[in-house]
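**Student:** Sharing a structure with you now.
The values are calculated or read from the model by the stated rules, or taken from the named source; none is laboratory data. Remember, it's a predicted structure, so these values are computed and weren't measured experimentally. Note that each Cβ is placed from the backbone with ideal geometry, even for glycine, and that neighbours are counted across all protein chains shown. Remember, those area values only see protein heavy atoms, side chains included, never the ligands or the DNA or RNA. Shrake-Rupley method; radii C 1.70, N 1.55, O 1.52, S 1.80 Å.
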Amino acid sequence: MDTFNHLAPTFVRALQFLRNVSDEQVKQCRAQILKGKLKYCGKVNPLDPQDLKFPPMRKLDPDKCGETNSGMWQKGIRQDGKTDLRTLRKIWSVGRPYLKCKCKKERNKDCRDTPLWFDHAIWFLLAHPDVLFPTLSSIKVRTSMLIHYLRTTWRDGVLAAIGFHFLRDLMMGILKELEADGTLNAEGVLKEDQLWSYPIPAMLASIMLPTRIPDRPSRIPLNSPWLRRENGDPDEWLNAPGQMITLPSCRKAWKRQKLDCDTFLHLKYTSRVMEPLSVRRLVNEVLSRVIGDDTTTWLKRTKIGWTYNPKIASRLCRPAETFCEFDVAQWIESYHPDQCPYRMRRYMDMRSNWSIELLESEGCTHIITMDSSITDSPLLHGIIRADLNHISCMALDVEEASIELENCLDELFVRVMELNDLSASTKSFLWRVIMKKARAKMEKYRAVHKHAVAEPFEHPAVKRELEFITGRFLICPTDKAPNTPAFGPEFASINVPLAAVIARIRGELSALPALPIAPAALPYLMTVLKAHKGTFWWITNTANTIVSPVAKVCACLLRFLLPLVQDFCQERSLEVEERCGVRPNLWWAIASVGEFHVNLPKKVCSVFTADITRCFETIPTDGSEESLPAAVRFYVQCAMQIRKEISSCHTIRITFGQHGGIWPSWVDDGLPEEEGMLLFRERDICWLSGWCITNSMLLMGDYVWRQVKGIPMGLACSPIWCDIYFFKYEYHAMMRLADTGNTHLIPCFDSTFRYIDDLGAINNAVINNFLRNKGEREAGDPCWVYPEDYIKIKENTTLKEEESGRIANFLSPTITVTSPITGSYATTRYDKRSGLGFSPCRFVRYKSNRSVKQSLQIITAQVAQILLLCSEPEDAANEIAKVVTPMEENGFASDACWRVVKKTLWNAHLYQPGKLSVHVVKKALTNLHGFAD
């Protein structure tokens, strides 16, 4: 195997030197060869340098043809369906560059001479440079001249030789795997999952093992044309496969491979006339044609995306004006019930009894409606019906779109290094060509879609109606999810002017000079109507306020310590196992529904789910041992204990990126704080978290209020605070069982999960005993988890009436235990929008001023989740149809929707795998919904 059709002894590093190739170009060569992109393969012109031609083959081998100079081609793939040695030898050299005489091309004569491998020719010429330069004086000069041409006009041949080295290594690896295990099939011989992102490795494996191709590949289709997607759309980029990893908590999680991007550019989507534009593809096509194929990697690390006009919610929902600019005293003085707008005849049919329940002192109903007929304007009526996320359609203005594209190109030419290094004349020429092509595409689109008109949001009649409605009524969204503090005893008024509060906060934050400058504004409240319950909830909006930057830093620090805390839990768990023989689950928190689903046990005999009710508003924030600051101290101490055992660097450095990114890293304790960075030690992290808790303030009318109980949901660090607070009690509950001799109960919590305030327990028959009230258990009973003074648990597991088993909705999946005896169960997707009593708005509408391609990505995300959550193919097929149907109702073409479904199924290997094969899902779609693959 080592000598069969061997390569010349020139390794990749040597070829890099000869060609002066960078490591990045070597990576590109590997990618190109694995994609099957052979530049000189097939019926194409060979590589034929004009300044120094390849020598006649007879000068390299006396038995070869010497009538014409040679040219360079690359060996292609010819699969004849045969498995004889001659066919396999051809496969063995796929992609290999070779020299051959040009007799057939120049003289129409076939000399039937065999080719000469290009790497053998280079090796020979390095030893005999006089073949090319017989008149030069010394071997040193001759060798220098050869290297010069290898770096210029012969460079493509060297790049082809470098690429072939990777294919040869791949083929050798396949044979070594077969030597170790002769039973492997075409899928099993490729051990590296990343190779399945390319078409050539899978194709070679299937050709070498034609009788061992699996009927249903478990990783990807061997002939998938979508193995790597890079179409250049602003809303799409190269999909990177992920991998299943094991977390420090010993649970599995799907980790998607991150993409390296240096430059982020945004292009404003002015109108639908920009729909045919694909900036990346357009720029790449022009660069390839004008400069050459070497430009294919120039935009690889640049991400281009769309920005959009404001949604109509910005015109109708005005919480800042309502809650910050509201003059309470003036309203109370001028308010008269008989003159309230809700008494007008036009709103008689829109009143709801909810207002009686919410405002008992009023004794009468106020307007609460989700009916767009609240307005008499048919123009505004049509706009509101499209929901609050709708973006008004704009006129197809090519000039406006061209200006946006010009600005984007200007920034692109400045921020991409390779483009910036071009001469001014070249950049100007490229700019003009790109703009000319873009304008032609947009003009063509406008000619076809002349009927598209702008929505009359700026029409005087519409504006008058908007002013009438927003000046009299509070318009707020409806939602099922928010569970946030109600405005009441949780807030206390501060008898200090707003300016004084802002000045005090700025003075305290001066100790952190590297923090980004924040607006001089306090958070304010937004209201959300939970329509299925008939109640209002409040959300604290902290975006673009004075506390936003410090809250983001606090969240970043606490998340940075998370792996160390999980390591701490694993060490304590192993200690308990060594002492008691059982390993406790000390970290219950999960980060996603995917993490929950992949850690479900093979058998499920019982399931328990519950809500931790009103957790954000009940977490104590005082200085007691039951408070959030105490939990944060415990969390930080656990992390630092592990850090001090493995490293001498105990300080976290925070640096800030250009686009608001925050980058934490460990540094030496003695490192001085420099400009543009912040250093945090153990006590500093606790101080910063305490500062954020103390300064949970908001503006309501003319008054400043402090949240004295609970934490604001809208703060960046609130979710991690919630996890930290519950972690302290979950950890001590498990350790308490070990310390009191109740180790037989510890295995019951192996599959217990918590996502912020949602609790789920699988195969845990004792969980109800641990959630009893204090009055229901004996003094000193160790079987409890959360302190009932602050935390209330509400079970939401239901009994299935039609047949035996239990049903529980935890996050997105619904788990149905079909047989508690055998442990069989089924999972499907849980739609939280069902059973609300009204028809919620679903997804975006076609007429919204958004990119159609990006809007259709909603289907991609939904189908990927369905493939993960559903355990039965019929359920998956029906759920997919439920996604497509509302998109069709929203105006999107049925064919376009199903094409996205087909593409997502074809690319299923890019997403976290579920239990279903894509093949059976396609079959169910065909049988139930006429899906055509």
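**Student:** I'd like to check which strands (runs of 3 or more DSSP E) are fully inside region 703-805 and have at least 1 residues that are open to solvent by less than 10 Å² (accessible area, probe 1.4 Å).
**Tutor:** Values: elements: 703-707, 752-755, 758-762, 792-795.
Correct list: 703-707, 752-755, 758-762.
**Student:** Could you figure out which of (1) closer than 28 Å to Thr152 by Cα; (2) in a helix (DSSP H, G or I); (3) in contact (Cβ under 8 Å) with a residue 24 or more places away in the chain isn't true of Leu299?
**Tutor:** Leu299 satisfies every listed condition except (2).
**Student:** Of the conditions (1) under 14 Å from Phe54 (Cβ atoms); (2) open to solvent by less than 60 Å² (accessible area, probe 1.4 Å), Ile147 clears all except one; give me its number.
**Tutor:** Unmet condition: (1).
**Student:** For His120, indicate whether it is within 16 Å of Ala8 (Cβ to Cβ), of a type outside the set (Lys, Arg) and open to solvent by 50 Å² or more (accessible area, probe 1.4 Å).
**Tutor:** Yes.
**Student:** Taking region 39-50 as the search range and keeping residues that are touching a residue at least 40 places away in the same chain (Cβ under 8 Å) and open to solvent by 90 Å² or more (accessible area, probe 1.4 Å), which one is nearest to Glu106 (Cα to Cα)?
**Tutor:** That would be Gln50.
**Student:** Then there's this: Go through region 263-285 residue by residue and tally those that are surrounded by fewer than 20 Cβ atoms within 10 Å (Cβ to Cβ) and closer than 19 Å to Arg446 by Cα.
**Tutor:** 3
**Student:** Looking at region 452-547, what strands (runs of 3 or more DSSP E) fall wholly within it and have at least 3 residues that are open to solvent by 30 Å² or more (accessible area, probe 1.4 Å) and at pLDDT below 80?
**Tutor:** Details: elements: 491-494, 524-530, 535-541.
The qualifying strands (runs of 3 or more DSSP E) are 535-541.
**Student:** Let me ask something else. Out of all the residues in region 893-902, is one or more part of a helix (DSSP H, G or I), closer than 21 Å to Ser812 by Cβ and open to solvent by 10 Å² or more (accessible area, probe 1.4 Å)?
**Tutor:** Yes, that holds for at least one residue.
**Student:** Just to verify a result, which residue in region 372-405, among those that are acidic (Asp, Glu) and open to solvent by less than 60 Å² (accessible area, probe 1.4 Å), is modelled with the lowest pLDDT?
**Tutor:** Of everything passing the filter in region 372-405, Asp387 is modelled with the lowest pLDDT.
**Student:** Look through region 50-60, keep the residues that are modelled with pLDDT of 85 or more and not in a helix (DSSP H, G or I), and return whichever of them is nearest to Arg112 (Cα to Cα).
**Tutor:** Pro56
**Student:** Now a separate question. Check off (1) surrounded by 21 or more Cβ atoms within 10 Å (Cβ to Cβ); (2) not polar (S, T, N, Q); (3) not in a loop (DSSP other than H, G, I, E, B) for Ile858 and give me the number that stays unchecked.
**Tutor:** All conditions pass for Ile858, except number (1).
**Student:** Exactly one condition in (1) crowded, with 16+ Cβ neighbours inside 10 Å; (2) in contact (Cβ under 8 Å) with a residue 12 or more places away in the chain is false for Asp684; which is it?
**Tutor:** All conditions are met except number (2).
**Student:** Sort out which residues of region 409-439 are surrounded by 12 or more Cβ atoms within 10 Å (Cβ to Cβ) and either touching a Pro at 6+ places or on another chain (Cβ under 6 Å) or in a loop (DSSP other than H, G, I, E, B) (or both), and write them in order of number.
**Tutor:** Val416, Leu422, listed by residue number.
**Student:** Continuing with this model, one more query. Being open to solvent by less than 40 Å² (accessible area, probe 1.4 Å), under 30 Å from the mean Cα position of the chain (by Cα) and farther than 17 Å from Arg251 by Cα narrows it down to one residue among Val550, Val576; which is it?
**Tutor:** On inspection, the qualifying residue turns out to be Val550.
**Student:** Any idea which of Leu586, Leu574 is part of a loop (DSSP other than H, G, I, E, B), under 29 Å from Ala761 (Cβ atoms) and at pLDDT 90 or above?
**Tutor:** The conditions single out Leu586.
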